[in-house]
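Each remark here refers to the structure printed beneath this line.
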Amino acid sequence: MLKENLIKSTIPNGLTLFRCLTALLLPLIVIYGGELGAIIATPLLILAGITDYFDGFYARKYKVISNFGKILDPIADKLLVIGLLFALASEHMFEYYFSFIPALIIVLREILISGIRESISGYKISLEVTLLAKWKTTIQLFACGSFLVWRTNIFSYNLDMLGIISYTILWIAAIITLITGIQYIMKLILFFKNNKNVR
């Protein structure tokens with residue numbers, strides 16, 4: 001029973017750590033692996049995306065929600081997305097005029113919100129992940145995955161339709177990312193407005 005409980009308690013954080021490791025490996029695979037690297041990276045990204053759901057699922061199911069998991073889970077997502085964006089950019093998968101703005105929005109928002117979370121850690125306010133923010137992460141991963149499929153050359157690198165789909169998903173991800181960022185900032189402003197004595 002003790003061993004079973006120990007296994008159950010380590011599953012959520014283990015999945016999160018796997019996603020962190022994947023976030024470090026995927027950019028290297030994409031940059032140095034060429035078309036083969038993209039083929040390997042695509043299912044690995046899908047697997048990492050699945051763990052993003054199951055780590056929270058098992059944490060709630062087995063009632064083993066930890067501060068470690070709360071902190072590391074969103075960081076793992078950000079590492080995964082930002083690392084892949086930089087890797088795809090280095091592989092010249094992004095057309096400057098179509099991708100610079102959405103990629104910049106995603107990267108700056110993730111850095112900004114992470115900084116805000118760290119800055120307000122001493123206050124009695126919680127910027128819990130919203131349902132839209134969860135969808136934001138999913139669509140960001142879909143966008144990266146779409147570019148990886150395009151990079152594999154399986155469907156022809158110059159297939160215009162796949163490129164259009166990839167850029168469209170990237171823009172959708174950027175718009176949702178911007179909206180969720182604004183939502184968090186508005187919640188923060190409202191908190192300090194209603195708690196003027198907080199310093």
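The values are calculated or read from the model by the stated rules, or taken from the named source; none is laboratory data. Computed from a predicted model, the values in this text were never measured in an experiment. Neighbour counts run over all protein chains shown; Cβ positions are idealised from the backbone, glycine included.
Restricting the first member to the range 19-30 and to residues that are without any contact (Cβ under 8 Å) to a residue 40 or more places away in the chain, and the second to residues that are of a type in the set (D, E) and surrounded by 21 or more Cβ atoms within 10 Å (Cβ to Cβ), no beta-carbon pair is closer than 8 Å while six or more apart or on different chains. Just need a number here: residues in the range 83-114 that are loosely packed, with under 13 Cβ neighbours inside 10 Å and either of a type in the set (A, V, I, L, M, F, W, C) or modelled with pLDDT under 85 (or both). Total satisfying the criteria: 7.
What number of residues within the range 53-70 are of a type in the set (A, V, I, L, M, F, W, C), part of a helix (DSSP H, G or I) and modelled with pLDDT under 75?
Within the range 53-70, the subset of a type in the set (A, V, I, L, M, F, W, C) is 54, 57, 59, 64-65, 68.
Retained after the next criterion (residues that are part of a helix (DSSP H, G or I)): 54, 57, 59, 68.
Still in the running and modelled with pLDDT under 75: 57, 59, 68.
Residues that pass the stated criteria total 3.
Considering (1) without any contact (Cβ under 8 Å) to a residue 60 or more places away in the chain; (2) under 19 Å from K134 (Cα atoms), the lone condition that I105 does not fulfil carries the number (1). Which ones in the range 3-31 are exposed (fewer than 14 other Cβ atoms within 10 Å of the Cβ) and either at pLDDT 90 or above or basic (K, R) (or both)? Answer for the range 3-31, where residues must be exposed (fewer than 14 other Cβ atoms within 10 Å of the Cβ) and either at pLDDT 90 or above or basic (K, R) (or both): K3, L21, L24, L28.
Looking for something surrounded by 14 or more Cβ atoms within 10 Å (Cβ to Cβ), at pLDDT 80 or above and at negative phi - is there at least one such residue anywhere in the range 156-163? Checked the range 156-163: at least one residue is surrounded by 14 or more Cβ atoms within 10 Å (Cβ to Cβ), at pLDDT 80 or above and at negative phi. Taking the criterion of being touching a helix residue (DSSP H, G or I) at 6+ places or on another chain (Cβ under 6 Å) and either touching a residue at least 60 places away in the same chain (Cβ under 8 Å) or under 14 Å from M93 (Cβ atoms) (or both), the only residue of the range 49-62 that qualifies is G49. Of note, A87 does not satisfy the criterion of being assigned to a helix (DSSP H, G or I) and more than 18 Å from the chain's Cα centre (by Cα). For the range 32-48, residues that are surrounded by 15 or more Cβ atoms within 10 Å (Cβ to Cβ), in contact (Cβ under 8 Å) with a residue 24 or more places away in the chain and among the aliphatic types (A, V, I, L, M) total 5. Residues in the range 75-131 that are closer than 23 Å to I182 by Cβ and polar (S, T, N, Q): S99, S114, S119, S121, S126, T130. So, in the range 115-155, of the ones that are among the polar types (S, T, N, Q) and surrounded by 13 or more Cβ atoms within 10 Å (Cβ to Cβ), which residue ends up modelled with the lowest pLDDT? Going through the qualifying residues, I end up with N153. Is the range 67-76 home to any residue that is closer than 22 Å to I185 by Cβ, of a type in the set (K, R) and either crowded, with 19+ Cβ neighbours inside 10 Å or touching a Cys at 6+ places or on another chain (Cβ under 7 Å) (or both)? Within the range 67-76 (the criterion being closer than 22 Å to I185 by Cβ, of a type in the set (K, R) and either crowded, with 19+ Cβ neighbours inside 10 Å or touching a Cys at 6+ places or on another chain (Cβ under 7 Å) (or both)), the answer is no, since none of the residues qualifies.
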